[in-house]
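These notes are about the structure you will find just below.
The values are calculated or read from the model by the stated rules, or taken from the named source; none is laboratory data. Here the structure is a predicted model, which means the values were calculated and not measured. Every residue, glycine as well, gets a Cβ built from its backbone with ideal geometry; the counts of neighbours run over all protein chains shown.
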Ligand code: PHB
């Protein structure tokens with residue numbers, strides 16, 4: 001792919017433009033797109049024009065630009081996240097009815113947890129994540145599960161990096177995190193209170209494929225001080241087992 005003067009390829013520039021949109025910035029003026037993407041106005045305008053013509057971006061009545069439904073269609077229909085989500089959804093619905101707070105499914109992507117499904121109740125505790133949201137591995141119970149049951153190379157890489165605090169009790173010391181991961185591996189679950197927000201506690205268990213490899217993580221986000229920790233963990237474990245069987249039955253390729 002042709003490179004620009006600044007050295008980044010066309011695909012990289014397109015990704016930067018699409019990445020300019022997020023939950024707090026669902027519609028942008030063309031100049032806001034350029035600024036948020038860190039691209040010169042002329043090149044951003046040209047690429048935005050191409051993306052509008054192909055439907056990957058759409059223009060609203062005020063002339064502001066947003067992510068197009070065509071992009072959602074193309075990315076969703078061939079996605080392994082969709083297949084995994086569909087296999088998991090019936091069991092997740094049962095778990096959410098039982099637990100009553102947030103129940104979510106995440107996968108490892110680019111050294112972060114990517115949330116691919118989330119079911120909630122209207123009065124559930126505050127939760128920083130939504131579908132397609134990301135969580136740092138070291139600061140979330142879902143991340144601890146993916147680290148504890150993931151490859152040694154991933155664990156080494158994360159432990160060698162700075163571990164920035166996210167909430168009042170994020171583990172920021174590599175040795176302490178290593179000990180905690182050993183415990184998660186031994187226990188088969190992670191419970192982390194106040195690591196992201198003081199009010200919320202994450203409870204997470206691994207979801208394995210037929211070969212026993214951890215391919216996803218199932219979590220409940222509950223209020224800190226939650227009295228039904230044991231029952232919640234049991235419900236998550238049962239759900240994870242059902243999801244594992246569904247993945248095997250559907251023959252879903254998870255990695
Ligand atoms: C977690 O995975 O532990 C987690 C996720 C989202 C939150 C809080 C905790 O808002």
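Residues that are free of Cβ contacts under 8 Å to residues at least 60 places away in the same chain, within 16 Å of the ligand (Cβ to nearest atom), over 23 Å from residue 151 (Cβ atoms) and in contact with a helix residue (DSSP H, G or I) (Cβ under 8 Å, 6 or more places away or on another chain) within the stretch 73-120 comprise 117, 119, 120, listed in sequence order.
The one condition from (1) surrounded by fewer than 17 Cβ atoms within 10 Å (Cβ to Cβ); (2) outside the structural domain of residue 134 (by the TED database); (3) closer than 23 Å to residue 128 by Cα that residue 36 does not meet is (1). The residues on offer are 155, 77, 64, 151, and the sole one that is farther than 24 Å from residue 187 by Cα and at pLDDT 95 or above is 64. Does any residue of the stretch 148-159 turn out to be surrounded by 14 or more Cβ atoms within 10 Å (Cβ to Cβ) and within 9 Å of the ligand (Cβ to nearest atom)? No: the stretch 148-159 contains no residue that is surrounded by 14 or more Cβ atoms within 10 Å (Cβ to Cβ) and within 9 Å of the ligand (Cβ to nearest atom). Checking each residue in the stretch 121-133 for being surrounded by fewer than 17 Cβ atoms within 10 Å (Cβ to Cβ) and within 11 Å of the ligand (Cβ to nearest atom) picks out 126, 128, 130.
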